[in-house]
Number of protein chains: 4
Amino acid sequence: MSWLDTSIMNTRGVARGASATTHDLNEAAQGTFHFTIGPYSAPVLTVQPGDRIVVETRDAFNGKVNTEQDLPSKVLTMPFVNPQNGPIMIEGAMPGDTIAVYIESMAPRGPNPRGTCCMIPDFGALSGTAFTALLAESLPEKVRKIDVDEEGVYWSKRVTLPYRPHIGTLSCSPEIDSINSLTPDQHGGNMDLPDMGPGSITYLPVRTEGGRLFIGDAHACQGDGEVCGTAVEYPSTTTIRVDVIKGWKLEWPRLENEEMILAIGSARPLEDATRIAYKELILWMEAEFGYDKWDAYMMLSQCGKVRLGNFVDPKYTVGAGILKKYLAP
Amino acid sequence: MSWLDTSIMNTRGVARGASATTHDLNEAAQGTFHFTIGPYSAPVLTVQPGDRIVVETRDAFNGKVNTEQDLPSKVLTMPFVNPQNGPIMIEGAMPGDTIAVYIESMAPRGPNPRGTCCMIPDFGALSGTAFTALLAESLPEKVRKIDVDEEGVYWSKRVTLPYRPHIGTLSCSPEIDSINSLTPDQHGGNMDLPDMGPGSITYLPVRTEGGRLFIGDAHACQGDGEVCGTAVEYPSTTTIRVDVIKGWKLEWPRLENEEMILAIGSARPLEDATRIAYKELILWMEAEFGYDKWDAYMMLSQCGKVRLGNFVDPKYTVGAGILKKYLAP
Amino acid sequence: MSWLDTSIMNTRGVARGASATTHDLNEAAQGTFHFTIGPYSAPVLTVQPGDRIVVETRDAFNGKVNTEQDLPSKVLTMPFVNPQNGPIMIEGAMPGDTIAVYIESMAPRGPNPRGTCCMIPDFGALSGTAFTALLAESLPEKVRKIDVDEEGVYWSKRVTLPYRPHIGTLSCSPEIDSINSLTPDQHGGNMDLPDMGPGSITYLPVRTEGGRLFIGDAHACQGDGEVCGTAVEYPSTTTIRVDVIKGWKLEWPRLENEEMILAIGSARPLEDATRIAYKELILWMEAEFGYDKWDAYMMLSQCGKVRLGNFVDPKYTVGAGILKKYLAP
Amino acid sequence: MSWLDTSIMNTRGVARGASATTHDLNEAAQGTFHFTIGPYSAPVLTVQPGDRIVVETRDAFNGKVNTEQDLPSKVLTMPFVNPQNGPIMIEGAMPGDTIAVYIESMAPRGPNPRGTCCMIPDFGALSGTAFTALLAESLPEKVRKIDVDEEGVYWSKRVTLPYRPHIGTLSCSPEIDSINSLTPDQHGGNMDLPDMGPGSITYLPVRTEGGRLFIGDAHACQGDGEVCGTAVEYPSTTTIRVDVIKGWKLEWPRLENEEMILAIGSARPLEDATRIAYKELILWMEAEFGYDKWDAYMMLSQCGKVRLGNFVDPKYTVGAGILKKYLAP
């Protein structure tokens, strides 16, 4: 028996883990990619709870950085970066429900060097930015093209990094806002959380009928915080399975994997993202795992795990987690 | 000669200060109010540069808090607060231009007590909030209804405050995003800056054709920072005159009045809002007033003025200004 | 009758405004200046409540920047900057009391150009710093020497700024810590608040016997926030009068002038400094001016005044104030 | 061969890993414990590089919380918490050098329940605090007494946590300041970093002759961030070995263990602590491991590890690390 059988998705989702139709959301099926996540775009696909979707994601540069001479400042036009597949409608998802997204697999696609990492002017954690507005000169603009396969990320002659893919941007639509795909918030968005890879289930709050799922921004690997502003961005074939959990109303995204559950917050300053994540985790432990609120608070002070997604996006993202073994009754 | 004759609006705007048509954007003409500011809503009015518009704004509670027993948690549904008039299209405004909005006058409308101030649960600077997420009990929910006329704001038997009205929320549309009317950002939005009252000109960057001007959120008076989260919110008849400055490309809103110019930034944490405002002011002094960048930086360290708009909204707003007399050649 | 007669200092201080001895704390009397504020240094002077002290302060660069070629990185050695006069013991001041410091006058001393403003590498609000640690190149290092007299600050051919002096650093000793003179905190310290000039009374919490008053860091003028990191720093002859308010226990410094009372907070991020200031002001209004806490909170949201001291020091400083006329019973 | 043989401590320290004298710094030898870390206290011990010291640390409550009825607000007097052993002088340590502290072992001492975890009013990440000053009611005050042995931390009937001890507070003296033991900063201090346990080497910058090493604040286990404000605080017998690395001048503490190196930053807001840590790590990789600065920056964006120490102390602490295998030439 897989841990999935006891996951929230498979025990509380409409499909109860039953397998169903597989849909192919390739580049052609997608057609127009989206750069803002909201209720105003036309659905590209409608699926049933339990369905599998094979998605061809583009890299965050929309495929425009192909050599180390393709400088972002030349080839990109803001805000048209981080293209998203979707919106995918899930039948039966209504405001107040939650959509579960299980990532089955992520494979690289396209010719090598598929991977791209850039230092983009006035972007990144150790640079002045549009928000931390300074008078200093920008850092140098740099592009690295990197070979990526399912064995590794070939960073340099000296270093090969493990292939540890994850989805950087995963969202349900906000109710009335439409939010650019660079920003994470209560709807999910550009969280850049390395835990959101194959073998994880992300739970997203539904705020419009059908949920309007968006997905994109595959990373072949990423360090905690995505310090320079970009991961090893690459085009992927990502296979997900989706379900709907009726009546589970979330304020913020959550995540589950074999070992732990994780609540996710996105805000500035970084301590506020961390506060959100821990508070949501405590309320979750209280509501569903039989913990007294203050006991949960004090116990997490001894065993809570913090995952830093990004501290470079317009909001920063943090996950706060607890090992499932401590949740057993 | 009025100072307006030498303002940026009247010297560089298309209309050059010439008077023109007056439009009446009353409640009936507005019809549906808006709670998100973006490119997806239908225009309510199209005007020429130089035109005057008389706008009937609703209060931030959409008129639903009429007695001190109308608790926000009962009568309001998020995110349907802070209703906005518009979008108003200004002929000839194109991306890369700037719209100038001169506020001629603001008069209260509707029966007294017209003014409303609330303490809303989990909102306000001295409370835990959705972002500064804490485990503390919410502060008590409270409503104050206040008589307002053009002579004063009758806060209590002990205190009458001066009537110093301003517009809390003033925006051009973002290019692809649609942003709820509670949030300030590069498009303007919910800045809550007390300087934005009669006698001020606000400059807003145009990012979509026609600019798509939104206006709302009149305050009969407001302290620096709007510390409890709300001002004396009231329905107003606000008269504005608009113009277009071709080819003046701004990153953030700016403001001008008889005495000073002000650059405006919105961000969290608050120092980042202040950094944006000062940086924009320095670049403005360099680009248009013959200042060396470093001289401007050092001189503002001696004479810069900081205005705190709000430190309660999803982003905080700060203006950084300099007296016009120091800009004379 | 002067407003001083009704000030907290003169109505509640031990001396009740009575005139007393004048002490001369000139350079020779001071001998060794101090760069850290705490309980471990030897007192330089003991005075009675009500006494006047004429203090020769040095500039923040300890007099080492005498020409525009004296670069701080060459002539200064950290942490030996911002020299302080003191500690001055005030007879009868005990932990739990408050020391009042009325600034009577501030006169420039020494030969012109007496004033100094510098851009110091990796310091200032629009630069990466030791705390906002970035990889960008430092801003250029620059020194401006400026003529200063009691008529004006002669910034440039184009601009003469008014002479509006204030004391940047004013402190009682912490109980057990010793804090460098660049940092503001609960003991006062390097607040850089332009309101702290002649005609103001600063109230400082006493945490050790005698209070151990330190003073220094005169500024001939300063903009809100001290954005480049330095004001027009100059050597001064500053005349203060001190008193002790028995049993008035403060957590943070406070200030009073003819028009307003002000609570002062120092913290990072900047919103926390502002929160402290407003909270202290509300508690003050509740404890001493007959205000209900929630009424004070909501009313300050309509009429509170925020003063930004610095947003460049290791902690940022904000004052929150209310006009005295709103405090009348 | 142990990894220690190739550590910076054992390859570059004066003692080169040679064993030497063992000193016993028990309660009696310590006598007076310290609550502020600076150059003004009398040394308790002088040792040679390479020496071993067996330290009896007290818990952060100075042993005053012995039952769940001993409320901190009753039994503690601020700022007399978090007692520190030391200062220990290391022969030959001079400003500009670095002290290495290898933690060999940590054993609990005293009778069970030895462990203490408290919710202290106006302290902790999900509470208003002295700095994040709010008007909300304090969270309830709570004390948990917990049995601790080298097999486990017996949190509740439901949960036993692993015994993963670490030292919360480890410091060399600042040059002229004396900093309370609750605050982390460039001198080390109250970092609360769970990696600082047995098997780790911490490197601390020497700023006064002899270094003046302080140590205390043992934690039997701690979650990332120490969210409620306290860990499982307990009295320990901690055995350390110290050495001096001549001429290795650090700005901030660093850490090494078998797998990784870690740079440590402490600041508010939390992103600034993270920036410091990553910047220091990049400069370290550039200076000592043959990395180009920009290559290090971009590579850490793919493989950097972030450890959150605390986000409850007056400054927050973050470590940024890289696996040693990526540093091999």
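The values are calculated or read from the model by the stated rules, or taken from the named source; none is laboratory data. The model shown is predicted, which means the values in this text are computed figures rather than measured ones. Quick reminder, even Gly has a Cβ in these numbers, built from the backbone with ideal geometry, and neighbours come from all protein chains shown. Heavy atoms of the whole protein, side chains included, go into the accessibility calculation; ligands, DNA and RNA do not. Shrake-Rupley method; radii C 1.70, N 1.55, O 1.52, S 1.80 Å.
Scanning segment C:273-294 for residues that are at the interface with chain B (Cβ under 7 Å from one of its Cβ atoms) and not basic (Lys, Arg), we see that the one that is farthest from C:Ser127 (Cα to Cα) is C:Trp294. Between B:Ile179, B:Ile215, B:Ile146, the distinction of being in a strand (DSSP E or B), at pLDDT 95 or above and either surrounded by fewer than 21 Cβ atoms within 10 Å (Cβ to Cβ) or within 14 Å of the chain's Cα centre (by Cα) (or both) belongs to B:Ile215 only.
Could you count how many residues in segment B:1-27 are of a type in the set (Gly, Ala, Ser) and closer than 12 Å to B:Asn85 by Cβ? So the answer is 0.
Condition check for C:Pro72 on (1) open to solvent by less than 10 Å² (accessible area, probe 1.4 Å); (2) within 14 Å of chain A (Cβ to nearest Cβ); (3) over 21 Å from the mean Cα position of the chain (by Cα): one failure, at (2). Just a yes or no: is a residue in segment D:272-286 open to solvent by 10 Å² or more (accessible area, probe 1.4 Å), at pLDDT 95 or above and closer than 30 Å to D:Gln48 by Cβ? Checked segment D:272-286: at least one residue is open to solvent by 10 Å² or more (accessible area, probe 1.4 Å), at pLDDT 95 or above and closer than 30 Å to D:Gln48 by Cβ. Scanning segment B:309-329 for residues that are in a helix (DSSP H, G or I) and within 8 Å of another protein chain (Cβ to nearest Cβ) yields one hit, B:Tyr326. When the criteria are applied in full, C:Val65 meets the requirement of being farther than 30 Å from C:Val206 by Cα and touching a Pro at 6+ places or on another chain (Cβ under 8 Å). The number of residues in segment A:257-271 being away from chain D (no Cβ under 14 Å) and either surrounded by fewer than 24 Cβ atoms within 10 Å (Cβ to Cβ) or among the polar types (S, T, N, Q) (or both) comes to 3.
The number of residues in segment C:218-251 being assigned to a loop (DSSP other than H, G, I, E, B), closer than 25 Å to C:Val81 by Cα and away from chain B (no Cβ under 14 Å) comes to 1. Residues that are without any contact (Cβ under 8 Å) to a residue 12 or more places away in the chain and either open to solvent by 50 Å² or more (accessible area, probe 1.4 Å) or within 14 Å of chain A (Cβ to nearest Cβ) (or both) within segment C:159-170 comprise just one, C:Thr160. Among the conditions (1) out of contact with any Pro (no Cβ under 7 Å at 6 or more places or on another chain); (2) buried (at least 24 other Cβ atoms within 10 Å of the Cβ); (3) within 14 Å of chain D (Cβ to nearest Cβ); (4) not hydroxyl-bearing (Ser, Thr, Tyr), the only one that B:Met119 does not satisfy is (1).
Of all the residues in segment A:81-102, those that are aliphatic (A, V, I, L, M) and surrounded by fewer than 23 Cβ atoms within 10 Å (Cβ to Cβ) number 3. Consider A:Thr32 carefully, then state whether it is out of contact with any helix residue (DSSP H, G or I) (no Cβ under 6 Å at 6 or more places or on another chain), among the hydroxyl-bearing types (Ser, Thr, Tyr) and more than 14 Å from chain B (Cβ to nearest Cβ). So A:Thr32 does not fit the description; no. For segment B:304-329, what are the residues that are under 17 Å from B:Asp192 (Cα atoms) and of a type in the set (A, V, I, L, M, F, W, C)? Those that are under 17 Å from B:Asp192 (Cα atoms) and of a type in the set (A, V, I, L, M, F, W, C): B:Val306, B:Leu308, B:Phe311, B:Val312, B:Val318, B:Ala320.
Per the listing C:Ser138, C:Ser156, the residue uniquely open to solvent by 50 Å² or more (accessible area, probe 1.4 Å) and either touching a helix residue (DSSP H, G or I) at 6+ places or on another chain (Cβ under 8 Å) or within 14 Å of chain A (Cβ to nearest Cβ) (or both) is C:Ser138. Can B:Val306 be described as out of contact with any Pro (no Cβ under 6 Å at 6 or more places or on another chain), without any contact (Cβ under 8 Å) to a residue 40 or more places away in the chain, within 10 Å of chain C (Cβ to nearest Cβ) and among the β-branched types (Val, Ile, Thr)? For B:Val306, the condition - out of contact with any Pro (no Cβ under 6 Å at 6 or more places or on another chain), without any contact (Cβ under 8 Å) to a residue 40 or more places away in the chain, within 10 Å of chain C (Cβ to nearest Cβ) and among the β-branched types (Val, Ile, Thr) - is met.
Considering segment B:189-212, and only residues there that are under 14 Å from the mean Cα position of the chain (by Cα) and of a type in the set (D, E, K, R), the residue that is most open to solvent (accessible area, probe 1.4 Å) turns out to be B:Asp195.
Out of the residues in segment D:94-116 that are assigned to a loop (DSSP other than H, G, I, E, B) and closer than 30 Å to D:Ala15 by Cβ, state the one that is farthest from the other protein chains (Cβ to nearest Cβ). Here the residue is D:Arg109.
Scan segment A:284-294 for residues that are touching an Asp or Glu at 6+ places or on another chain (Cβ under 9 Å) and assigned to a helix (DSSP H, G or I) and the total you get is 3.
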